[in-house]
1. Before I look further, what does segment 44-121 give for accessible area per residue, probe 1.4 Å, in whole square angstrom?
2. Could you pull out every one of the aspartates and glutamates with an alpha carbon less than 16 Å from that of LYS106, ignoring same-chain neighbours closer than 8 positions?
3. If we count every other residue with Cβ under 12 angstrom of ALA108's Cβ, Lys/Arg +1 and Asp/Glu -1, where does the sum land?
4. Can you check what the net charge comes to around LYS4, using other residues whose Cβ is under 15 Å from the Cβ of LYS4 (Lys, Arg +1; Asp, Glu -1)?
5. For segment 8-121, give the magnitude of the charge dipole about the Cα centre (Cβ charges: +1 Lys/Arg, -1 Asp/Glu; no others), in debye to the nearest 20.
6. When the accessible area of the chain is computed with all protein chains present and a 1.4 Å probe, what percentage of it is carbon and sulfur?
7. Mind checking the angle between helix 30-43 and the chain's longest principal axis? C-alpha axes, 0 to 90 degrees, to the nearest 10.
8. Would you work out which of THR75, TYR107, LEU46 lies farthest towards the positive end of the dipole of the chain, given +1 charges on the beta-carbon of Lys and Arg and -1 on that of Asp and Glu, about the Cα centre?
Amino acid sequence: MIEKLIKIQQELKVPKNQRNSFGNYNYRSCEDIIEAAKPLCHAEGLSLVIKDEVVQVGNRVYVKATAMLSCKDVTVEATGWAREAEVQKGMNEAQITGSASSYARKYALYGLFAIDDRLEE
């Protein structure tokens, strides 16, 4: 299992093809990572599952995302966290939670697949 994960980590390429024109930077989305990882996971006979859990710490709400890679009875997992914004201009409450979920999932995938977040040249 670990050998398969290492192979995927070495082969996985996810360029920062998304553009945030407001902040003037490029980024990769959770969906970009999943799209690039699926064929590699399939080729190795591994399943990728991501689950969310909403956790309250004090008066703040966090989304805890866990990315799991499984083969038979062996699972490797990584966790990412994101705090819900108290107010996000132009978003309703469901969108705020969805945004936190996407962010937490992205960072869980970063950990699982050892993705470096530095800027590409």
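1. 64 Å²
2. GLU31, ASP32, GLU35, ASP52, GLU53, GLU77, GLU84, ASP116, ASP117
3. So the surrounding residues net to +1.
4. Cβ neighbours under 15 Å give a net charge of -2.
5. 200 debye
6. Ligands and nucleic acids excluded, carbon and sulfur reach 49 percent.
7. 20 degrees
8. Ranked along the dipole, the leading option is TYR107.
The values are calculated or read from the model by the stated rules, or taken from the named source; none is laboratory data. Just so you know, these numbers come straight off a predicted model, no measurement behind them. Because the Cβ atoms are built from the backbone with ideal geometry, glycine has one as well, and the counts that use them run over all protein chains shown. Heads up: the accessible areas ignore ligands, DNA and RNA and are worked out on the full protein's heavy atoms, side chains in. Shrake-Rupley method; radii C 1.70, N 1.55, O 1.52, S 1.80 Å.
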